[in-house]
Amino acid sequence: MDLYMMNCELLATCSALGYLEGDLYHREPDCLESVKDLIRYLRHEDDSRDIRQQLGAAQILQNDLLPIISQHGQDKPLFDACIRLMVNLTQPALLCFGKVPEDPTFRHHFLQVVSYLQAYKEAFASEKVFGVLSETLYNLLQLDWEQRQEEDNLLIERILLLVRNVLHVPADPYEEKNVDDDASVHDKLLWAIHLSGFDDLLKFLASAQSEQQWSMHVLEVISLMFRDQAPEVLASAGQTRSAQEKQKDASELEALRAKEQAEKQSRNMQRGSRHSRFRGSYVVQGLKSIGEKDVIFHQGLHNFKNYSHDVGKAVRRVPKRKRMAKDVEMTRRSALNVRLFLREFCIDFLDNCYNRLMYLVKENLMREQAQQHDETYYLWALNFFMAFNRFNGFQPDLVSETLSIRAFHFIEKNITNYYEMMLMEKKEATSWSRRMHLALKAYQELLLTLSEMDRSKDENVRQSANVIKSNIFYLMEYREIFLTLLRKFDERTQPRSFLRDLVESTHLFLRMLERFCKGRNNLVVQKKKVKRRKRSQKKQTGPENTPETLEEAWQIVTQDLRAASFQLPSSLTEGAVPFDAASETPLEEQRTEAMVRIQDALIGRQGPEALGLLRAAREVWPEGDVFGAVDVEPEEELDLLKQILFANLPRPAAVDNAEEEEEEEEEEELESVRVSETEFNFLDFIKRFANPAIVRPYVLLLRTYTQNTAHTNHCIARMLHRLAVDLKMEALLFQLSVFCLFNKILGDPAAAAYKELGTFAKYILHRFFALAARNNKAYVELLFWKNVGAVREMTEGYSIDGDGAKKAKWTPEEEEELQRLYEEHKDSGVPDIVETLLPLLSNPNRNRRQVVTQMVVLGLVDSAKDLKKEKKGTRIVLWTEDQEGELRMLFEEHRNSDDILGNILKRLTAKRSRARVVDKLLSLGLVGDRKELYKKRRRQAPGKSAGMTEEDFFADLSGVPREDCFDRDEEEEEEELSDEEEEESEKEQPVESRVKPGQKKRGRSNGSSGERNVNLETMVRSLQQEGLSGPLLWLQNCLNRTADDREEEGAFHAVPLVPLTEENEDAMENHSFQKLLKKVGIRAPANEQESFWRIPITMSVYQLRGAAVSLCPSEEPSAGAETVESAQRPESPEPQDEAMSHEQRAQALRALLLARKRKQPSPDTTESPTAEPVSGSDEQQGAGAARPGGKRSRVLDSDDEKDEDPSSKMEVGDERGAGDSDAEEHSAPAKRRRHRVLSDDEED
């Protein structure tokens, strides 16, 4: 861009800066304002970066800004403004444009900006400029932290950023056509940094504890200083060459000379003796031309090796996305004085700064306080300085910070992350590949350092290396990282240099692992196995003991205990320990486990052991008399054992199953990683490399054997030797492209320089031709890469039809039988003829696949697809008249059974799902409601209901009625049927929208409002007996006040229940009181932000008043309630003395339990209404049970029910008493049955 095209305002601003006269710069009065204007212009430039280009073309930085800071540095505001402007102007072009533009116009702008940056870099290569920057930075660092202002910190950061930007400018390959040992622009810049002392300031910033905030800037500047430098070259700078190095150089030179002479001799041999006009024509037999005739070759025989059918054809253009990635890394040898300066810098840096700086940078990276991709500077520094330390005398203590397991883990984690990002961001795959290459080189350097430590003379160093190696070889992630990288290598995104370092690192790792295994008899390593499991459709439940089995076990236990007169031998008495002292579970929480052990002993019919455990548990947990009182009678102990035997105790395994079920509902497939230890076998580990996906990258790198180093070719040959010789899988290399490469190596004029490769190629070819003499298909196999299975077949023989060992054989008699059965049943109309034929075959071991395969072989069907098993629910089959008649007959036969639907499904000829059968029964009018098909379940003994918790079990032992046992059976049956209908609908209607599970359960509890009123009144009475009448009255007042406020104001908001007295606070923490709050409808604290229970917004005024009324039950309790109170308080003569001791209450509860067992009413007796007065709560219970399908009532307690006269209650009692006693036992709650027993005891 020409200067005359500059914007007039921008030109005027630049002119107002000043002018340069000779070496003296004269600034204008408005110089500071002009610099600020230029900063403002740069802030508003367009996408083409026009302002930046115009300033670059005008050379403002070279002619104005650098002279200003050099000659007028004492003007601090002007100096700060110039530094700000130069930081902006030297910003990398990639940051300006975001990425390298693809548009030709913007690509031109991008290259133009890069050219201006290269001019800036050359201008900065001045000792005077860096002298000013060093002096300013030194003065700022002299200030203590309390004297340093915010502007000073900003200036320090800007100076470091300015140096970073200048060092970051790439070299111009067309302008700098310098050879090694010549000074480039970058070398001149480094020399200016050295002469100004700026490098010493960098070392101070890296080592000073008070300047650790600049650690990332310092590491970035240092990494850019050593760009294009090789650590081995710097380590040997100024040193006399050893005899070994001289011998190595001489051998390389001799190999090159031998190669050149061989090529020259080959060219001489190709010259014909005759003139080129008479070179003749030849017919190449066996090589066909375009037609059917052989190829006629019109050149000399010495040129025939280069003949190809592709000669003269247009070269096929390779798409850009399929091109191989190019190597961008380049190294050069700087001038000697620069190398000496850099070498001294590295030595000082390792001695004083490396460990501390790397620690600070690692902490910033781990805490995510650095910028994006800053870890690449850490990886580069680890690789470079550890390599320099290895070449410069090797002192492990200088690099101890990065020589640890943490460093291996950090690099492995970054490699994995880079690979994942390569897959996710396809367009940026090349950039992620370069970062992965940096991480791989750092990993390789760690392995090289460990290998160097193994050769150390210090025993402590060798032991430290063994400790690190044992950890690396133990963990699977570090062992298999090279397997993964080789298998996932992609030549389109990863350059050849990456593959070279990967192959060399793999060779080093395997060599170290092999040596480590040789010194040990058995090496134990960690093994991880990822196991997938499908989500289970139904929850698996363990085998349950039937009541008949438990009853039989109880009879045997009773006989044993009575025969021994409840006397136990001393061995059982002393050895019974009901708790586990080594368990992490507290002793108080092991009470349930002790009860489970007693139950297991009873189920195992070990009566004396169970009684011993019961007596031992009584001594450990005497409180509450859960295991009986101290002076308990033998008969009472027998009753306690019986209750424990028939109780459904909570077991820990059920919780684990529930958690697994919840996890399986979240995902269709889960991966469980199982970690185990196994003995390591090195040969088995090498077998993991016998894979074509791993062999192919080695062959790809071998193609450039002439450009590879001797060490790289040795690594390739050693790995192929392990596969071909050690594993005897040379057939892995029987591939045409590999043979072409071997032919090229053997025909190379300088083959003497590749002796190892030539020997290996001859071995592979010899093995192939030996195999080809036995296997005539070996030449065809050359066209394909082979896995282990194909290699085995190629060398040991092919199996017939893929797998002859597993193919089932059919005798002629069995084939004839299959044909006969197929002819008999093919027209029968069965939906699946294979399922019909399987049970009719004489050989019961035949499976479906074998039968289908044989039917196809015999020609009975055209394809196996014709016999494909039809999935359940994929089509809807109409009901025939015969099937409907069969359904009617089965319904009439089983309509009085406990499980109507189950019996019908078992006996149906045409199998259908439960949902289809239910729908058909409804459509035929055989049932009016699907609830009539629910399985009738008998009421179980107390404690046998599923899902009982520890609190519920002990409450049941104490005689407290359970609140959730009224409508569970009905809900379980309805849920089971609805789940099956949902499953069937999902199978038959995969496209339609499906109902959420939560919506299906919404109406299941609508019919239990009456029962809940009973439960609420029972809970209120129970709380009043516990002495919580005051908190109940407080809760009632809160509900009434809230109802009044909502009725007056009309505004609804959640009202918290704030207990102000100690009594109310204790009640809010009471478990029974919290249950009552939930029953009323009060919401618990939603999260940790809430502390109080709240009256929700959704409760209307009518609901609040109804809830308040329900908290005040009738003052005159029924006779049954009076009986309960008299039984619970046998020794309380005064009404106000309601509290009794804990021991007395336990004795009373045990008396109730014994009375319940002794007084069992016979099923054929009916109770008179006068013998059992029915309370108002019982009437509500009956009313609720009579309307199971009704809608949920809005009022919690109706006033009409309270105003009923006693005569209506007596009528209800007569109707209930006239019914069957079994039905009454099923419908009545547990508390009512206990009232009945107590009243019978009083009559006695």
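Computed from the coordinates by the stated procedures, all read-outs in this text should not be read as laboratory data. Please read these numbers as outputs of a predicted model, since none were measured by experiment. A quick note on method: Cβ atoms are made from the backbone with ideal geometry, for glycine too, and the neighbour counts reach across all protein chains shown.
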Determine the relative contact order of segment 258-380: mean sequence separation of Cα pairs under 8 Å and six or more apart, normalised by residue count, in whole percent. 12
Which of LYS264/LYS755; LYS288/LYS755; LYS931/LYS1075; LYS518/LYS687 exceed 28 Å between C-alpha atoms? The answer is LYS288/LYS755; LYS931/LYS1075
Per the 1/(1 + (r/R0)^6) rule, R0 = 25 Å and r from the Cβ atoms of GLN213 and HIS373, FRET efficiency to 0.05 is 0.80
Burial ranking of peptide ranges 738-745, 18-25, 1039-1046 (average Cβ count within 10 Å, highest at the top): 1039-1046, 738-745, 18-25
In this structure, the FRET efficiency calculated for LEU746 and ASN681 from their beta-carbon separation, with R0 = 41 Å, to the nearest 0.05, is 0.70
Rounded to whole angstroms and listed largest first, the alpha-carbon spread of segment 74-124 along its three principal axes comes to 45, 21, 12
Among the listed pairs LYS326/LYS488; LYS259/LYS313; LYS427/LYS528, which are separated by more than 23 Å between their Cα atoms? LYS259/LYS313; LYS427/LYS528
Can you report the principal axis dimensions of segment 377-486 using only the alpha carbons, biggest first, rounded to whole angstrom? 50, 29, 20
Over the Cα atoms of segment 143-233, what radius of gyration and what Dmax do you get, in Å? 15.5, 51
Where does the Debye-calculated log10 I(q)/I(0) of segment 20-161 sit at q = 0.09, 0.22 Å⁻¹, using only Cα point scatterers of equal weight, no solvent? -0.31, -1.43
Extended-chain gain in nm, criterion 0.36 nm per residue less alpha-carbon gap, ASP30 and LYS936: 316.1 nm
Could you work out the Rg to Rh ratio of segment 449-531, with Rh taken as the Kirkwood radius (inverse of the mean 1/r over all Cα pairs)? 1.04
Hey, rough spin-label estimate for ARG848 and VAL725, points 7 angstrom out along Cα→Cβ, what's it come to in nanometres? 5.4
DSSP-loop GluC sites (Glu not before Pro) across segment 55-150, with at most 11 other Cβ within 10 angstrom: GLU102, GLU146
Whole-Å semi-axes of the ellipsoid equivalent to segment 708-828 (Cα gyration tensor, √5λ, descending): 49, 13, 12
Go through segment 771-781 residue by residue and turn each phi into a ³J(HN,Hα) via Karplus (6.51, -1.76, 1.60, θ = phi - 60°); whole Hz please, and just put x for glycine and proline. 6, 5, 5, 9, 10, 6, 9, 5, 5, 6, 5
May I ask you to compute the full-extension gain from VAL830 to ILE290, defined as 0.36 nm times their residue separation minus their alpha-carbon distance, rounded to one decimal in nm? 188.3 nm
Can you pull the percent of Cα pairs in segment 161-318 with separation above 22 Å? 71
More than 18 Å apart: what percent of Cα pairs in segment 120-186 qualify? 51
In nm, to one decimal, how far is the modelled label at VAL318 from the one at ASP454, with both set 7 Å along Cα→Cβ? 3.7
Kirkwood Rh in Å, taken over segment 1-62 so that all alpha-carbon pairs contribute: 12.2
Backbone N within segment 20-42 under 12 Å of label point (7 Å from HIS72 Cα along the Cβ vector): 20, 25-36
In nm, to one decimal, how far is the modelled label at ALA563 from the one at GLN59, with both set 7 Å along Cα→Cβ? 11.8
Search the structure for amide H atoms under 5 Å from the amide H of ASP748, placed 1.01 Å from N in the peptide plane, and list their residues when 5 or more places away or on another chain. none
In whole Hz, the Karplus estimates of ³J(HN,Hα) for segment 344-358 (6.51, -1.76, 1.60; θ = phi - 60°; x where Gly or Pro) are 5, 4, 5, 5, 5, 5, 5, 6, 10, 10, 4, 4, 5, 5, 5
Taking the C-alpha atoms of segment 351-431, how large are the radius of gyration and the largest Cα-Cα span, Dmax, in Å? 14.3, 44
Give me the extension gain from VAL620 to ASP47: residue separation times 0.36 nm, minus the current Cα-Cα distance, reported in nm with one decimal. 198.0 nm
Residue by residue through segment 417-423, the couplings from Karplus 6.51 cos²θ - 1.76 cosθ + 1.60 with θ = phi - 60°, in Hz, x for Gly and Pro, are 5, 5, 5, 5, 5, 4, 6
Would you pull out the residues with amide H under 5 Å of LYS527's amide H, same chain only if 5 or more places away, H placed 1.01 Å from N? SER676, GLU677, THR678
